[in-house]
Structures are given as C-alpha cells and as structure tokens.
1. Quick check: is even one residue across the range 12-21 assigned to a loop (DSSP other than H, G, I, E, B), under 25 Å from Val207 (Cα atoms) and among the aromatic types (Phe, Trp, Tyr)?
2. What pairs come out if I take residues in the range 171-182 that are farther than 13 Å from Thr139 by Cβ and pair them with residues that are surrounded by 15 or more Cβ atoms within 10 Å (Cβ to Cβ) whose C-beta lies under 6 Å away, six or more apart or interchain?
3. Within the range 240-261, how many residues turn out to be open to solvent by 30 Å² or more (accessible area, probe 1.4 Å) and either touching a Ser or Thr at 6+ places or on another chain (Cβ under 8 Å) or in a loop (DSSP other than H, G, I, E, B) (or both)?
4. How many residues are open to solvent by 20 Å² or more (accessible area, probe 1.4 Å) and either among the acidic types (Asp, Glu) or modelled with pLDDT of 90 or more (or both) when one looks only at the range 88-103?
5. Looking at (1) crowded, with 19+ Cβ neighbours inside 10 Å; (2) under 17 Å from the mean Cα position of the chain (by Cα); (3) assigned to a helix (DSSP H, G or I), which is the only condition Cys31 fails?
6. Does any residue of the range 198-218 turn out to be open to solvent by 30 Å² or more (accessible area, probe 1.4 Å), modelled with pLDDT under 90 and among the basic types (Lys, Arg)?
7. Can you tell me how many residues in the range 88-122 are over 18 Å from the mean Cα position of the chain (by Cα) and not basic (Lys, Arg)?
8. Within the range 183-227, restricting attention to residues that are part of a strand (DSSP E or B) and either touching a Lys or Arg at 6+ places or on another chain (Cβ under 6 Å) or without any contact (Cβ under 8 Å) to a residue 24 or more places away in the chain (or both), which residue is nearest to Leu64 (Cα to Cα)?
Amino acid sequence: TRDMLEATEPDVVFIALHGSFGEDGTIQAICEELQVAYTGSDVTASRLGLQKVASRLRFEEAGLRVPCWRVIDPQDPGALQEAIEQVGLPAVVKPTNQGSSIGVSIVTEPRELARAVHAAARYDTHILVEAYIRGRELTVGILDREALPLVEICPKTQQFFDYTAKYTPGQTEYLVPASLSGPLTRRVQEAGLRAHDAIGCRHFSRVDVILDQAGEPVILEVNTIPGLTATSLLPKAAACAGMAYEELCERLVLMALSQKEEPLVHMIEKAVGSRQ
C-alpha cells in the first residue's frame, strides 16, 4: 500500500476499509507519513474507535451513559463469574477490538457462557462483558459535526444487529428517520455528537445507540469508518437529509482536502503576521 501511494501520488485517499489496517489507524498513519490527504478520522481517533475499552472510558469521562461493563481474561473462570454477577443477565460478550459484531453473543443463561467466551476469544485475548440493554436500536450519523436524521434498526429474526443481520439482504428493516418525538430525537443526536467528539473523530462517523426503556440514550460504540455503500446506514441518513450518495462522497473528499490545506494556511498567516 505504501509503495502504491508513493507511485500514484494521489491528491486524496478515500478510506472505506473495515477492521484491521483500515479502522485501526494503520492506513491513516501511512497517509500521514507520506503527507497525503485522507478521509475520516486521524490515527488516534481511529484506534480509539476500534478499542472498545479505551473508547468506553472516553464516553464515561464525557458524561455519556454506557452499559455496565467489565473486561476479563477468558482463561480466568473466576473473573467471568464475577463479571456476570456485576453486570447481570442477559449480558453481551464480545471481543474488545473487533467491528461488524464479529464474535459477539448475547447470553441469557449461565450454561451459554462457555460458548460465548469461546466465540469472543477467537478474536481477542481479552473480552468485554456488558449488560444487555433492552430498548430501540438507533444509529446517529455525524457529518462535519452535524447529526443527521436518526436511523432505527429493526432486525427481523436476530436479538440484535449482528453480522448476519448487517450483511444478509432482507434480514433487517431500517426506519429513516426513526419515529421519535422532536425533543427525543435531538437528545439522541446530541449524545451521538458528544460521543463523536469524545474520541476526537473528524469529518464523519456513525454512533450506535440503544434508547433504553426509560427513553435515555446509551452509547454502544463509534464507527469511525461506517459502511459507505449506497445502501449503508450513513448514506441512508444523508439521503433522508436531502444529500445524494455522490454528493456525500464528494463532501468527504473536500473535507479531507481542506484538512490538508489548513496547516499551510496557518503557516502563511503566521509568516505574514510576523512581518507586520
């Protein structure tokens, strides 16, 4: 990839890679070393977005609600039992550093724990155990520090928006905009923007939220590189706001280019100012 970028000398790199190399800050670091403009969040925010524990800590520091959670070593049965006692059942068991709901299980009975831990441990040396929050599953698209219309996610057969529900056509219904009152919509959007800012995102992101049964938004995670196909959730929200898919992509490219130009503008302003 580095060789390709050096050979082609692009004006901007449009990043739409998921998982390792794409969302974990690697490609972003390469672009910065080569001084190439790129779309989306910088290295630090990208790494935080994929690291569920680090991002949870940032959300809590920002005063945002998150599920009760504990991190455990899957080789320590005592730690697992203690975590379940603290967060209760049902619980969600997941790797601490994965996207696309890979390795995620919902545990409703103690006998399901071993299977869930085994599934998560295939992808990580540590596991996140968190309380399962009953409520409406929403996502908040953020574009240039503005919250887009909310999308409500309604899986038809699964308990949650898992890998199958995300990537199998017809498995999930999407309501855009979500059917919420104006004040409640704004509250969820505000929480999403605060989560976006908490880990230092730039340009765009998608924040996953559960609206609990008391009507309070609970932050699950921030996706620094959300799906960007024409039928993905962020483009759906942008379309609801009147922005065509092509316009959305163009805007992301323009934000990346302006980000690269800002340091140069500041250097020129500083040099001019020093001569006056």
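1. Yes, the range 12-21 contains at least one residue that is assigned to a loop (DSSP other than H, G, I, E, B), under 25 Å from Val207 (Cα atoms) and among the aromatic types (Phe, Trp, Tyr).
2. Final answer for the pair search is Gln171/Ala165.
3. 4
4. 4
5. Result: Cys31 fails condition (2) only.
6. Scanning the range 198-218 turns up no residue that is open to solvent by 30 Å² or more (accessible area, probe 1.4 Å), modelled with pLDDT under 90 and among the basic types (Lys, Arg).
7. Residues in the range 88-122 being over 18 Å from the mean Cα position of the chain (by Cα) and not basic (Lys, Arg): 19 in total.
8. Going through the qualifying residues, I end up with Val218.
The values are calculated or read from the model by the stated rules, or taken from the named source; none is laboratory data. Computed from a predicted model, the values in this text were never measured in an experiment. Ideal geometry is used to build each Cβ from the backbone, glycine not excepted, and the neighbour counts take in all protein chains shown. Keep in mind that these areas ignore ligands, DNA and RNA; they rest on the heavy atoms of the full protein, side chains included. Shrake-Rupley method; radii C 1.70, N 1.55, O 1.52, S 1.80 Å.
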